[in-house]
Structure formats: structure tokens, C-alpha cells
Amino acid sequence: MAAPVDPRLWRHARSARRYLVVAVALSLVTTAGIVVAALALARVLAGVITDPARRDIAGWSTALAVFATAVLCRVAATWWQARLAHRAGARVVAELETAVLAAASELPPRELEARRTELAVVVADGLSGLRPYFSGYLPALLLAVLVPPCVLAVVAAHDPVSGGIIAVTLPLIPVFMVLIGRMTQGRAAATLAAATRLSDQLLDLFAGLPTLRALGRENPSAAATSATTMRHRVHALGVTLRERTMAALRVAFLSSMVLELLATLCVALVAVSIGMRLVFGHMGLYAGLLALILAPEVYLPLRAVGERFHAAQDGMAAADKAFRLLDDPARIPAGTRRLPDPHPIIELRDLSVPARDGLAPSSLSAHLRPGSVTVLTGPNGCGKTTALQAILGLIAPAHGDVLIAGIPVTDLDRDDWWSRVAWLPQRPALLPGSLRENLDLLGPVGAASPKALRNACAATGFDDVLEDLPDGWDTVVGTGGAGLSLGQRQRLALTRTLLVERPILLLDEPTAHLDEAAEARVLAALTARARSGATVILIGHRPTVLAVADEVIVVSATPGTDPDPTLAHMSHLEPVG
């Protein structure tokens, strides 16, 4: 079972450290208030009963004032701790969510895709479970560490017998807490896993709704069958999640009852012992009252920890996933070296990257020079996109190297290297917002000269798209460019790529979804950029794309895998231009 206080929490959340220091101080004040109030109350009650001459309030004004002050200090410390706990919980959750998102952006693309749903669940909802951890569990844990030993020492000093009974029975509560906690922790992890699977299914369902609608127009029965199958799967996962949640709640209620019953029996043993010794005159009334008042206070913090442990488990299960991501060695390595050459030569030296079935690409070697257009081609799945990601430093190769001006790409300062590259992936990144805001994703290029903007739009044909949009550049699009067709999204992304002045252009299928006329204009613009000194690297299959290449590189997968026969002749193509 994990430690009660995960040290990774204090390492990754600075606001949690400040709260812990203040919480310890307030817990000490609470402990002192408990002891002082009990001493004052026992002295007053014992004195009133045993000393008839001092039964008026005036005779006990000092003791009553001390009692009232101790109670007020305890209440104030408890209230202030609860207030700080809620604030600290909100700050820590926000801090961890930001850190997780930043860490996720540094994951390799394959790793990020594999953990997409897990990250969505952890960031969107899972980490919010840390609020009960800070508002309930952590304060109770601090009191459980400080109050029992201090109070037990006071009881033992006044009544060794009661102190001995408490010392013997007190460890029973932590033992039961550990046993119950192990079972609860497993159930919380299973509940989070079920929620992750359900979220994954729902995301797939929402992403596939347009496809279901399209299929429904052609074959309603097939679409209905697919929708029904998905609905049954989601319903089954929902039932599983509900059953797991109710099972966790049942364990929480039963464990609270067990701890409450155990603490009650322990206090009863102390009370019976005190009563019997008072009857036979084996102890004083003051010591008996003090032990009877403080005995429940010894067990109360431990009972509170056991009760609030369950509320904190969901948050800690999500936090554990977040910490594993923050400590994940799979994150993209960050170097420190900067490029001295603004137009470096990119060298792929025997590059091999692990894939699902072998290596893709496998043993890829090439020199990608400034001032030329290089086209990577090959069969689907041979690793062309992976090669571009390796050039960007997003994927670590299994063998070989990617050298930028003779420097391994992993040694380069990431921000400096990426500031020199314009990358157009297969699915261009378009965010919810206006077209102008999406134009600025690679930098503040939206403020470029009107002439440069017109030329870029003319090269991609996006000027025709703007004429059909009533709001022009202020047109708002949704997630992934919703509101634009695939061709319009591609033109917008190409416009953004051509407008930014960067010496290296990496474009993955740049002419996809474009007609022949638009494709010719885009290829002409890319060729012009290469002639001006830029390094232009394309992925393509079409003859028109291959025709503008100064060098064509055929990418192959695992050795022994024959490339596409239609591309076999390309390995002997002479440079064009």
C-alpha cells in the first residue's frame, strides 16, 4: 500500500509544501487546546464535587477562563485549517493539472496517443478528488500523528492503568485501517480504470457519429447495428462502473462502522476500569475524570483518518497516474545546444525506429540539404511520418542517429530547434477560434505584411475560401477546424506554413484533399521556397509531387519486407531540377 503522504505530491506541487507547514503548526495548536481544555475541565468538575466550599462560579473563574480560551483556540485552529485546506486543495489541483498537461505535451506522439483517454480522465475529473484529501484526510492524518501520543502521555502521567489500556488497544485501530485500506485502494484503482474505459468508449462513439450518419444514408441497417452494438458496450461499461462505485461505498460504510465500534469498545474498557477503581477508592476523582475526558480524544483522530481515507483514495489514484507521467522517462529528451548554422544539413544515419511489426523506418540514411526539395515515399506503414518525427526529435530511434549540422537532435535546445522548423502533419492542428488565431499558431504571422499574406493565400487557394466566408479571417471554427471542409482546412494549414519564415519545412502529404490546380500552385510555392535556400522535405506518392523533387528517397520497413512494386523503380531515379 502507498505511503499515507505521497512524497511525490510535495515534490511536484509547491503550494502543498506551504500548506503542510501551516497545517502542522495548526495541528499543534489543536493538540494543545485539547490537553489544556481537558485539564481545566477535570480540575473544575473534581473540585466542585470534592470541595463543597468552592461550588460557586467565582471560585473557578480562572480555570473556566483557561478552559474557554483553550476551546476557542481549538475551534479557531480547526476552522482556519479547514479554510486553508480548501484553498490548498484547489491550488494543488490546478498546479498538477497544468504540470500534467505540460508533461503530456512532451510525450512522443505514439505515447501520447496511447495515453490520450487516461490523461483526459485524470486531468478533467480525476485530480479533483484531491480536494477531499486536503480538506479531510490530511488534517485528520496530522492530528492522528500528533494528538494520540501527546494525550496518551498526559493520561499515563495521571493514571498509568488507563494509559496502559489505551496503549494496548490503540494499535488495533491502525491494524484494521491497514487491512481495510488495502481493499479500498484496490477498489478505487479499479473504479478509475472502469471510468477510463468508459470515457474511451464514449470518445470513440462521439468521434464515429459522423461516420454512422454517413453510413446510415447508404445502409440504415448496418448503421443501426453499429450504433446498437456501441450502445450496449457503453451500457455494459456504465453498469460495471456503477457496480464498482457502489462496492467501494459499501466498503467505506462498513469500515467506518468497524472503526467506530472498535473505538467505542476501547473507550468502554477505559471507562469500566476507571469506574471500578473509583468505587473501591483506588484512584482520585481528578485523575479518573481527566482519563475519561481524554480517552475518546486519543481514538478520535485515528477514527477520522479511517473514515476520510476512502474519500481521498479516488484522488490519490488519479494523482498516482499523474505522478507517473511527471516522472516518465519516455518524455522527449531536452538538450541545451543551439545551432550555429541557420541553414543546417540534416543527416539521417542508419535510422531505425521500433514499430508494431519490426522497424519502420529501417536503416534509413539520407542527406537533406538546404535549397532542395526532398520527397520521402514508400508503402503505407513504412515509417515516413516517423522519420519526420525523428527529425523533429519527437521519437527516439532504436538504432542510428539524426544529425542536424553534425549535432544529434536530442542534444539540441528544443525550443531553438523547433523555432527553425515549420511542420505540417497529416492532420493539421486547428484549434477552436478564429481563422486569424489559427494563423498565428506557428508564431505571430497574422501580423505579416498584407502582400506576403496575399501571396501565401494565392499559392494555396485560400483566397477563394475567404471570399466565400462572410466574416473572412474572423470566421470562427470548432475543434479540429469544424466548420471547414477537409480541403479548406488543408489550405489554411498550408497558408500558415508558407507564411512563416523558417528555413526548414517538413510537410506530410501537403497536397492531400487538393485538386490538381491547387496542388500545382502549392508545389510551385514550395519549390520557390527551396530555391530561396530553405530545406523542403515532403512526404508524397503522387507523380506530380515526385516530379518536383530534387531527390526521392524510398523508405522501407523491417528488412525483408518488399516495398510496393509500383515504387520499386524510384530507388534509381535521378535528381530532378
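The values are calculated or read from the model by the stated rules, or taken from the named source; none is laboratory data. Every value quoted in this text rests on a predicted model; they were computed, and no experiment measured them. Quick reminder, even Gly has a Cβ in these numbers, built from the backbone with ideal geometry, and neighbours come from all protein chains shown. All accessible areas refer to the heavy atoms of the entire protein, side chains included, with ligands and DNA or RNA removed. Shrake-Rupley method; radii C 1.70, N 1.55, O 1.52, S 1.80 Å.
Distant-in-sequence amide contacts of Val536, defined by a placed amide H-H separation under 5 Å and a gap of 5 or more residues or a different chain, comprise Gly371, Ser372, Thr374, Leu505. Across the accessible surface of the range 264-305, with the other protein chains kept in place and a 1.4 Å probe, carbon and sulfur atoms take up 79 percent.
Counting only Cβ charges, +1 for Lys and Arg and -1 for Asp and Glu, the dipole size of the range 67-190 around its Cα centre is about 220 debye.
Using packing as a proxy for protection, rank 461-469, 550-558 so that the peptide with the highest average count of other Cβ atoms within 10 Å comes first. Before the final figure, lay out each step's value.
Working: 461-469: 15.9, 550-558: 20.9.
Descending mean neighbour count gives 550-558, 461-469.
I'd like to check one number: the per residue accessible area of the range 262-303, probe 1.4 Å, reported in Å² as a whole number.
On a per-residue basis, the range 262-303 sits at 43 Å².
The charge dipole of the range 323-435, taken about its Cα centre with unit charges on the Cβ of Lys, Arg, Asp and Glu (plus for the first two, minus for the last two), comes to roughly 260 debye.
If DNA, RNA and ligands are ignored and the probe is 1.4 Å, what is the ranking of Asp327, Asp357, Asp508, Asp474 by accessible area, most exposed first? Could the numbers behind the result be given before it?
Working: Asp327 70, Asp357 130, Asp508 5, Asp474 95 Å².
Greatest to least solvent exposure: Asp357, Asp474, Asp327, Asp508.
Projecting the Cα atoms of Phe67, Ser105, Ala140 onto the charge dipole of the range 23-147 (Cβ charges, centred on the Cα centre) puts Phe67 farthest toward the positive pole. Accessible area per residue for the range 71-173 is 44 Å², calculated with a 1.4 Å probe on protein heavy atoms, without ligands, DNA or RNA. Applying the Karplus relation 6.51 cos²θ - 1.76 cosθ + 1.60 with θ = phi - 60° to the range 370-386 yields 3J(HN,Hα) values of x, x, 9, 9, 10, 10, 8, 9, x, x, 4, x, 7, x, 5, 5, 4 Hz, where x marks Gly and Pro. Backbone amide hydrogens, once placed in the peptide plane, bring Leu359 within less than 5 Å of Thr558, excluding anything fewer than 5 places away on its chain. Rounded to whole numbers, the Karplus 3J(HN,Hα) couplings from phi for the range 34-39 are 4, 5, 5, 4, 5, 4 Hz, using 6.51 cos²θ - 1.76 cosθ + 1.60 with θ = phi - 60°, and x at Gly and Pro.
Rounded, prolate or oblate for the range 1-147? Axes are the square roots of the Cα gyration tensor eigenvalues, ordered a ≥ b ≥ c, and the cut-off for rounded is a/c under 1.5. Prolate, because a/c is 1.5 or more and a/b exceeds b/c.
This model, with +1 at the C-beta of Lys and Arg and -1 at the C-beta of Asp and Glu, gives the range 1-144 a dipole about its Cα centre of some 340 debye.
Sort Lys321, Lys451 by accessible area with a 1.4 Å probe, largest first. Let's see the in-between values first.
Values: Lys321 50, Lys451 130 Å².
Putting Lys321, Lys451 in descending order of accessible area: Lys451, Lys321.
Taking 12 Å as the cut-off, the amide N atoms of the range 269-305 that come nearer than this to a point 7 Å along the Cα-to-beta-carbon line of Leu172 belong to 269-270. Nonpolar atom fraction for the range 424-564, defined as the carbon and sulfur part of the 1.4 Å probe accessible area, stands at 55 percent.
Measuring nothing but protein heavy atoms, the accessible surface of the range 65-122 at 1.4 Å probe radius is 67 percent carbon and sulfur.
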